[in-house]
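The values are calculated or read from the model by the stated rules, or taken from the named source; none is laboratory data. Keep in mind the model is a prediction, meaning the values are calculated, not measured. Counting neighbours? That spans all protein chains shown, and the Cβs are built from the backbone with ideal geometry, glycine included. Please note that ligands, DNA and RNA were not included when accessible areas were found on the heavy atoms of the full protein model with its side chains. Shrake-Rupley method; radii C 1.70, N 1.55, O 1.52, S 1.80 Å.
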Amino acid sequence: MEKEKEKEKSCTLLVHFDRGTSAMANEIKEALEGNDVEAKIEAMKKAVMLLLNGETIPQLFITIIRYVLPSEDHTVQKLLLLYLEIIDKTDSSGKVLPEMILICQNLRNNLQHPNEYIRAVTLRFLCRLNEPEIIEPLIPSILQNLEHRHPFVRRNAVLAVMSVYRLPGGDHLLVDAPEIVEKFLSAEQDGSSKRNAFLMLFNCAQDRAVSYLFAHIDRINEWGEQLQMLVLELIRKVCRADKGEKGKYIKIIISLLNAPSTAVNYECAGTLVSLSSAPTAVRAAASTYCQLLLSQSDNNVKLIVLDRLSELKASYREIIVELVMDVLRALSSPNLDVKRKTLDIVLDLITHGNVDEIVLMLKKEVVKTQSGEHEKNGEYRQMLVQAIHTCAIKFPEVASTVVHLLMDFLGDTNVASATDVAVFVREIIETNPKLRVSIITRLLDTFYQIRASRVCACALWIIGEYCLSLSEVESGIATIKQCLGDLPFFTASEEGEGQEAQKTSQPLNSATVSSRRPVVLADGTYATQSAVLETAMSPPTVVQGSLASNGNLRSLILSGDFFLGAVVACTLTKLVLRLEEVQPSKTEVNRTTTQALLILVSMLQLGQSSVLPQPIDNDSHERIVLCIRLLCNTGDDVRKIWLQACRESFLKMLADKQRRETEEIKAKAKISYAQPDDLIDFYHLKSRKGMSQLELEDAVQDDLKRATGEFIKDGDDANRLNRIFQLTGFGDPVYAEAYVTVHHYDIVLDVTVINRTKETLQNLCLELATMGDLKLVERPQNYTLAPESSKQIKANIKVSSTETGVIFGNIVYETKNVNDRHVIVLNDIHIDIMDYISPASCADTAFRSMWAEFEWENKVAVNTVIQDEREFLEHIIKSTNMKCLSPPSAVEGECGFLAANLYAKSIFGEDALVNLSVEKQADGKLSGFIRIRSKTQGIALSLGDKITLKQKGAA
């Protein structure tokens with residue numbers, strides 16, 4: 001192993017080289033022999049790049065010694081050192097080449113050169129030399145440079161001393177190096193030189209570094225940023241080796257929290273949390289993160305700090321709750337990602353004590369979005385509405401302070417934000433009966449401002465369900481009539497004009513009707529739903545006379561939105577049924593019923609006329625006809641269904657939602673406990689002598705962690721075995737198997753190769769190649785394998801997207817006969833997409849929006865032996881590592897068909913959407929389709945292949 005390591009060349013320099021530009025050795029030689037300095041510089045650059053890319057130019061060495069070595073130009077001298085750094089300085093047996101003696105004298109002269117730059121770059125060059133024979137005669141000159149007047153030379157001299165001391169046998173070359181560097185560190189004033197000296201002690205004489213630290217502990221805040229960062233690294237290293245020592249180091253970290261450098265502050269906070277669980281330490285770290293969150297303008301820094309706070313919240317929620325208002329101040333950032341992450345953290349920290357302050361802050365932010373001109377205000381307002389909704393559901397007492405403010409945004413131009421407000425109002429009016437009257441009054445006053453169809457539909461449902469008194473019912477009916485405008489919706493003359501327009505646009509209309517079927521685009525994908533909706537909901541071609549109106553319901557219905565028309569019909573029916581209960585005058589009831597019937601019949605006439613390009617859909621037609629029949633002939637059973645059963649269904653939905661949220665919270669809160677035979681350490685029986693309050697707290701927290709099993713990490717041995725892939729057969733002369741580890745963006749293959757023959761295998765090489773978005777990082781190396789011995793070979797592979805990849809290759813080796821090469825083809829390793837995606841949650845509106853937006857779709861036909869719909873759904877969820885967004889209540893029951901939405905997110909931030917629709921046939925088998933949509937092609941195809949593979953073998 002040691003010999004193999006010595007053979008591996010260390011690379012200390014990387015330079016881009018364009019292979020298209022050829023540089024001949026003769027041209028380089030001529031340029032080096034000339035007197036033109038610029039030409040020499042270009043020639044040296046070409047020589048260095050050729051050497052770096054595997055070329056050997058042995059004939060240049062003597063030329064460079066003769067013509068480049070004497071040059072006084074600093075750039076030439078720097079390039080000379082780079083050249084000397086790259087060339088081979090030893091022969092095949094490992095002995096230093098005799099010509100290297102020529103450069104030793106030059107290096108000694110450089111180390112005594114009057115120019116400090118030449119001295120410093122030479123010292124830096126010596127840091128990269130691994131040949132003691134070359135370095136040994138230069139040691140006195142290196143030590144002399146520790147006393148040079150210029151700090152640039154001294155800081156590089158310290159690094160050279162460290163490099164020499166760390167060489168094999170370097171402790172014999174520089175026996176007293178730690179002592180020399182410690183004296184140098186005590187007398188040095190330059191910050192960078194002190195940092196390098198401390199780094200030398202840190203790596204080579206840790207005890208001396210610790211002694212120096214405690215000897216100068218009072219002045220640690222005066223040290224430079226680089227040295228303070230190194231001190232923190234030393235503390236982490238010492239405490240990992242001996243946890244009992246961490247008490248005295250924590251005091252140093254807390255003192256460094258006040259350092260002027262923000263980088264040091266951040267590292268201090270991270271180190272503090274990693275070493276101590278004491279409330280005082282965690283509180284100090286969290287406060288530091290909050291200060292960084294407010295003081296730093298870089299959005300990337302803010303996001304990183306928010307990630308750290310989110311990690312702290314998971315383990316120390318009670319402490320972070322105290323700082324919730326400081327975290328909330330990060331909403332002042334203009335970046336939406338920062339705002340979103342801030343709200344996510346804050347919503348998990350709401351308590352009875354701080355909910356009023358948080359809601360007040362959120363209300364102020366909502367008002368700011370109304371006055372600002374920022375283009376993202378609508379999206380930000382939607383986030384704030386969702387946050388306030390969460391607060392009001394957790395703590396109903398705050399709903400009264402926000403609901404009226406938010407109702408002003410029902411007419412928001414941002415449809416998603418307005419929809420969230422409507423859903424919020426719908427839930428609050430049910431969970432807060434005291435607010436019902438004020439909400440209904442406000443809703444009826446502002447209903448005319450609503451312009452979005454979905455928001456109108458939700459608001460109409462609220463009016464139909466919660467207008468209970470006579471005045472409310474009459475106001476509700478009057479508001480709807482006002483927003484519908486005068487009847488009829490069109491006149492006979494307009495219908496005639498509509499027929500003429502329809503004849504002229506007949507080809508267009510036929511194309512529109514045909515667009516209801518799935519349309520395949522040029523790239524092979526289905527057209528998204530949004531295209532169909534835009535065509536179906538396009539404004540009428542004729543808008544004249546009585547068609548032009550300002551009523552929001554009238555405008556939407558005249559645009560072809562008959563689903564909203566059906567909602568209007570249902571709302572009017574409910575209000576008339578309730579009016580019969582609260583209005584003593586039968587005459588008024590009959591008059592209102594007649595007016596409602598007139599409205600419903602007018603909508604049916606509009607839907608069946610030629611005024612609009614699209615006729616009414618069958619579902620909306622049936623619902624409106626049902627409402628007409630109901631108003632003409634009402635019965636007690638039907639009345640009960642319309643006035644009570646709808647509300648009861650809504651209550652069940654809310655209860656189910658609350659139950660699922662409670663279950664998720666309980667699942668997150670599960671903790672592991674210690675084993676029955678674990679040692680119990682009684683804190684009160686410990687000696688407290690000489691311990692500070694912080695050390696006492698830290699000891700208590702450590703005991704608690706042991707008691708709850710937090711220090712114990714169980715290895716998932718079964719999972720490890722699943723990741724072992726056999727690459728060759730048991731009968732092959734070389735047996736190989738790989739253990740695959742997936743680390744987000746990296747795949748590591750630990751390949752075990754066993755020589756099963758009685759011969760020595762030479763130049764054995766593991767050659768790998770990849771398919772998909774996988775990329776090999778290292779070049780393959782050659783190994784020698786003794787008879788019946790084994791070798792561990794590591795291969796690193798980079799992953800750039802969520803896509804099923806394949807790793808394939810072979811093992812090539814030679815036996816005693818060098819000309820006889822043997823090749824063993826390896827089994828393929830398929831990288832599973834499941835390693836990159838994880839279950840995630842998203843709102844129903846967000847799912848629908850992404851479903852309409854994403855262009856890549858993969859449609860998989862159901863082909864399985866499973867005969868139960870629920871069992872098949874559970875199998876697909878388990879096979880795809882996705883989360884079912886459809887609530888359990890929505891997929892319960894035996895009705896012969898099932899539809900559910902699944903969602904997952906990849907480590908690259910990609911969304912994976914799945915819609916499963918299955919139906920049980922007469923023979924008991926399941927049929928249907930699983931549709932997968934994503935923004936990228938890879939994840940849609942890979943997930944489809946996974947489902948196709950898994951659904952068949954699910955017996």
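What to note about this one:
- Solvent exposure of segment 39-102 amounts to 50 Å² per residue of accessible area, where only protein heavy atoms count and the probe is 1.4 Å.
- Taking the Cα centre of segment 835-951 as reference, the dipole from Cβ charges on Lys and Arg (+1) and Asp and Glu (-1) amounts to some 200 debye.
- Computed in the context of the full set of protein chains, the accessible area of segment 835-951 at 1.4 Å probe radius has 50% of its extent on carbon or sulfur.
- Per residue accessible area in Å² of segment 345-476, where ligands, DNA and RNA are left out and the probe is 1.4 Å: 40
- Fully extending the segment from residue 183 to residue 62, taken as 0.36 nm per residue of separation minus the present Cα-Cα distance, adds 39.3 nm.
- Length added when fully stretched, residue 840-residue 798, from 0.36 nm per residue minus Cα-Cα: 12.7 nm
- Measuring against 23 Å, Cα to Cα, the residue pairs 40/95; 45/89; 302/376; 237/794; 341/394 contain 40/95; 237/794 as the ones spanning a longer distance.
- Under 12 Å, Cα to Cα: Lys pairs in segment 835-951, sequence gap 8 or more or different chains: 4
- The mean accessible area for residues of segment 722-831, using a 1.4 Å probe and ignoring ligands and nucleic acids, is 54 Å² per residue.
- Residues listed by number, segment 423-467, amide nitrogen under 12 Å from residue 591 label point at 7 Å toward C-beta: none
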